[in-house]
Amino acid sequence: MPAFSDPSQQNQSDQTPLRIGVMASGNGSNFEALAQAIDAGTLAAEIRLLVVNNPGCGAQQRAQRLGIPCTVLDHRVLRERERLDQALVDCFRSAAVEVIVMAGWMRIVTPVLINGFADRLVNIHPSLLPSFKGLDGIGQALAAGVKITGCSVHLVTAELDGGPILAQAAVPVEEKDTHATLSERVHQAEHRLLPEAINAMIPVWRQG
Ligand code: GRF
């Protein structure tokens with residue numbers, strides 16, 4: 001757990017749902033898992049805004065179906081990383097977002113975003129960090145021949161997939177696993193872990 005201010009200073013009175021923003025590039029199953037946990041009452045939050053960088057991606061379609069506002073910030077238009085990140089900061093600030101969740105955001109982020117939401121920018125990664133950072137954590141685990149892999153929820157810092165770990169879940173690798181079957185089980189674990197990890201952090205964020 002990262003060092004935050006004294007828990008005794010915690011503002012216990014703020015019982016309003018945590019206002020979260022979500023960033024996604026692709027399918028968006030983790031985004032939908034957050035929405036489902038909110039509906040089920042296991043995540044005390046509301047999703048104020050989804051931002052996608054790929055117009056028409058699965059995450060955007062899910063947002064339409066779920067009635068969640070979605071903004072497209074296309075990296076092919078906002079070509080400099082810092083410009084894209086400043087636009088993200090502006091969008092989420094306008095939506096009064098307290099915490100941002102990167103749920104399958106496939107772009108490297110810069111200090112513009114990291115410092116704009118310091119200790120309030122969360123990522124989910126499909127491996128047991130610090131193993132298998134970067135692209136294709138599932139493929140890396142299969143290639144390494146590990147018997148257990150999993151997923152990690154962590155705060156985002158300047159080091160790629162290297163920020164403080166908030167929560168992890170283990171997933172056994174089976175002999176007959178393919179990339180698709182292992183990916184499916186890691187995704188199932190992610191869909192449980194991500195809302196749980198966010199919910200557990202609410203008192204910490206609310207104290208700051
Ligand atoms: C997940 O495996 C997540 O760990 C990684 O990107 C994938 C996103 O999947 N960062 P989905 O779009 O939420 O289905």
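The numbers here are math on the coordinates, done by the rules we state, and not lab data. Every value quoted in this text rests on a predicted model; they were computed, and no experiment measured them. Cβ sites come from the backbone with ideal geometry, for glycine too, and all protein chains shown count toward neighbours.
At-a-glance table
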{"quantity": "Spacing of the two label points (7 Å from each Cα toward its C-beta) at Glu82 and Met106, in nm", "calculated": "2.7"}
{"quantity": "The chain: antiparallel DSSP beta bridges as a percent of all, rounded to 5", "calculated": "40"}
{"quantity": "Where trypsin sites (Lys or Arg not before Pro) in DSSP loops with at most 15 other Cβ within 10 Å are excluded, longest remaining stretch of the chain", "calculated": "1-75"}
{"quantity": "Kyte-Doolittle at least 1.0, axis length at least 30 Å by Cα - qualifying DSSP helices, the chain", "calculated": "none"}
{"quantity": "Inter-part distance where region 138-173 and region 41-58 are each reduced to a Cα centre, Å", "calculated": "22"}
{"quantity": "Along principal axes, Cα extents of region 17-207, largest first, whole Å", "calculated": "48, 38, 33"}
{"quantity": "Once exposed loop GluC sites (Glu not before Pro) are cut out (DSSP; at most 14 other Cβ, 10 Å), longest piece of the chain", "calculated": "1-79"}
{"quantity": "Relative contact order computed over the chain (Cα-Cα under 8 Å; 6+ residues apart), in percent", "calculated": "23"}
{"quantity": "Length-normalised contact order of region 24-102 in % [C-alpha pairs under 8 Å, at least 6 apart]", "calculated": "28"}
